[in-house]
Number of protein chains: 2
Amino acid sequence: MPAASALRKFATSFSDEPMGPLSSEVQQLGEFLHVPVGEIAKFHSSEKPLIVFVASGAVKLTAQVGLDREQIIAFGFREEMIALSENSRVPYELQALTACKIVGCSLAELAKTLTKDEYCAERLITQLLSALEDSRERLVLLGRMTAQERVASFLLDLTERIAAIKNGIAVIELPMSRREIADTVGLTIETVSRQLSQLREHGILQTNGRSELVILDLDQLRRLASRSK
Amino acid sequence: MPAASALRKFATSFSDEPMGPLSSEVQQLGEFLHVPVGEIAKFHSSEKPLIVFVASGAVKLTAQVGLDREQIIAFGFREEMIALSENSRVPYELQALTACKIVGCSLAELAKTLTKDEYCAERLITQLLSALEDSRERLVLLGRMTAQERVASFLLDLTERIAAIKNGIAVIELPMSRREIADTVGLTIETVSRQLSQLREHGILQTNGRSELVILDLDQLRRLASRSK
DNA sequence: CGCTTTATTGAACCTCTTCAATAGTAGTGG
DNA sequence: CCACTACTATTGAAGAGGTTCAATAAAGCG
């Protein structure tokens with residue numbers, strides 16, 4: 001059964017195991033899309049996708065609230081999965097931060113194989129739980145953290161997910177604007193900017209241009225992220 | 001297969017279908033607990049539960065952050081399910097707001113039957129998605145709403161979930177304190193109190209004692225909940 | 001190289017918090 | 001059943017953190 005083995009491969013990436021370049025098999029499992037920068041991902045299948053695998057590039061999942069305000073729900077970076085949830089009052093959008101390749105897989109597609117493959121079933125659940133966990137951690141951030149803690153936490157998260165380690169120090173190539181950072185941590189771009197400046201002044205990080213961040217003092221950053229008062 | 005049919009019954013409550021009094025079958029499926037007011041639910045099974053069904057009473061799921069600050073992640077009321085997520089940095093607690101009966105079911109227990117019962121599989125996923133959706137909607141609330149919008153949204157949510165309709169108007173018997181409301185919507189108890197007073201002054205609701213709320217103008221409340229500026 | 005967009009910085013303002021005092025509620029024992 | 005007590009909620013005034021508005025600086029792009 002080729003489909004099942006493809007799903008298994010697909011499922012491998014549900015959790016922490018690394019996955020190589022996207023195989024043609026995996027591409028066939030769900031709907032494959034190539035999304036240019038700034039574009040909103042539109043899947044054409046009858047059923048909306050439940051899980052999206054980001055093969056390359058970066059995407060943001062946003063909730064449109066009111067006319068001008070948007071809240072970023074989650075980011076999906078290279079080789080990460082992002083869970084959608086379509087039965088909602090708020091309209092969601094999946095938008096490309098950089099040109100990216102993504103695969104969307106619907107609940108129906110997944111459920112079919114779910115009953116046949118216990119491994120896949122657990123992986124899918126693991127993935128949903130991980131999305132749930134992410135979201136709940138962000139509740140704490142948005143509900144109970146100061147601006148400094150928010151920005152520090154955000155940077156730590158990015159460090160773990162997309163930082164390149166050069167000569168022992170973490171370098172982050174930001175795929176998002178200040179506005180998008182602000183919309184993620186529930187602040188204004190001005191406050192985000194001020195917090196970054198402060199971190200720069202304290203020698204915790206360096207900036208090159210608007211998108212390169214060099215984290216100089218990771219320990220200090222961790223300290224700021226959790227309890228500063 | 002009695003276990004599978006019990007799970008099916010259990011699973012029925014995953015979504016929107018109503019479920020009668022807790023059958024003995026369902027009790028056997030997971031670990032059954034009777035938790036007194038204020039106590040923290042402690043399951044004794046080797047595997048931590050993934051899904052908890054609240055047969056009666058009300059519980060809160062909290063994340064402990066720092067020494068004094070707590071963030072309420074979710075409430076579980078009578079006949080609702082609440083999804084846990086244990087693989088986390090933050091310590092979570094499930095605490096009884098009122099004396100309650102709950103059933104905890106672990107991933108392993110669920111996964112076993114998952115492969116055998118497609119219906120159950122979809123239900124479980126639906127439940128996890130619903131928890132995810134809840135959490136994401138609260139991200140918007142905490143990230144982008146004013147105090148007034150937060151309190152109004154909170155009350156609307158409660159109205160849909162636990163309000164008793166008496167003579168055409170909604171009456172809410174609050175199972176939580178002002179502190180718990182504050183910890184849910186990311187405000188202080190003082191601000192929550194002030195917002196309630198304001199709603200009272202505007203004739204939108206009435207209060208009797210500290211726990212009874214009578215919603216007089218639901219439309220107005222809805223208006224305040226989404227876009228007030 | 002100039003133009004547009006995005007980011008940074010400054011100052012005034014506002015919302016929510018903090019601190020403090022009062023009022024109300026519920027629980028206990030006489 | 002009422003008084004006493006402890007806790008919870010409400011209200012007020014001052015303060016702080018973050019927002020808003022405005023101006024400047026820096027990046028990126030044609």
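The values are calculated or read from the model by the stated rules, or taken from the named source; none is laboratory data. Bear in mind the structure is a predicted one, so any value in this text is a computation, not a measurement. Here the Cβ positions follow ideal geometry from the backbone for every residue, glycine too, while neighbour counts run over all protein chains shown. Accessible surface is based on the protein model in full, side chains and every heavy atom, while ligands, DNA and RNA are left aside. Shrake-Rupley method; radii C 1.70, N 1.55, O 1.52, S 1.80 Å.
Of the numbered criteria (1) in contact with a helix residue (DSSP H, G or I) (Cβ under 9 Å, 6 or more places away or on another chain); (2) more than 30 Å from residue A:62 (Cα to Cα); (3) free of Cβ contacts under 8 Å to residues at least 40 places away in the same chain, the one residue B:136 fails is (2).
Among all positions in the stretch B:186-207, there is no residue which is more than 11 Å from DNA strand D (Cβ to nearest atom) and under 30 Å from residue A:122 (Cβ atoms).
Taking residue B:229, is it away from DNA strand D (no atom under 11 Å from the Cβ), open to solvent by 60 Å² or more (accessible area, probe 1.4 Å) and at pLDDT below 95?
no
The number of residues in the stretch B:153-176 being open to solvent by less than 60 Å² (accessible area, probe 1.4 Å) and touching a residue at least 12 places away in the same chain (Cβ under 8 Å) comes to 14.
The set of residues from the stretch B:34-49 being out of contact with any helix residue (DSSP H, G or I) (no Cβ under 7 Å at 6 or more places or on another chain) and in contact (Cβ under 8 Å) with a residue 40 or more places away in the chain comprises B:34, B:35, B:36, B:37, B:38, B:39, B:40, B:41, B:43, B:45, B:48, B:49.
Do we have residue B:178 as of a type in the set (Lys, Arg), modelled with pLDDT of 95 or more and under 18 Å from residue B:63 (Cα atoms) here?
For residue B:178, the condition - of a type in the set (Lys, Arg), modelled with pLDDT of 95 or more and under 18 Å from residue B:63 (Cα atoms) - is met.
Looking only at the stretch B:52-77, residues that are over 16 Å from residue B:35 (Cβ atoms) and β-branched (Val, Ile, Thr) come to 3 in all. Looking at the stretch B:126-229, the helices (runs of 4 or more DSSP H) lying wholly inside it that each contain 2 or more residues that are within 21 Å of the chain's Cα centre (by Cα) and away from DNA strand C (no atom under 13 Å from the Cβ) sit at B:147-162, B:218-225. For residue A:42, indicate whether it is within 23 Å of residue B:126 (Cα to Cα), at pLDDT 85 or above and surrounded by fewer than 22 Cβ atoms within 10 Å (Cβ to Cβ). Spelling it out, residue A:42 is indeed within 23 Å of residue B:126 (Cα to Cα), at pLDDT 85 or above and surrounded by fewer than 22 Cβ atoms within 10 Å (Cβ to Cβ). List the pairs whose first member sits in the stretch A:80-101 and is open to solvent by 50 Å² or more (accessible area, probe 1.4 Å), whose second member is hydrophobic (A, V, I, L, M, F, W, C), and whose Cβ atoms are under 6 Å apart, counting only residues at least 6 apart or on separate chains? Cβ pairs passing all conditions: A:93/A:40; A:99/A:37; A:101/A:55.
For the stretch B:191-214, a residue qualifies if it is open to solvent by less than 50 Å² (accessible area, probe 1.4 Å), under 30 Å from residue A:70 (Cβ atoms) and more than 14 Å from every other protein chain (Cβ to nearest Cβ), and the qualifying residues are B:195, B:196, B:199, B:204.
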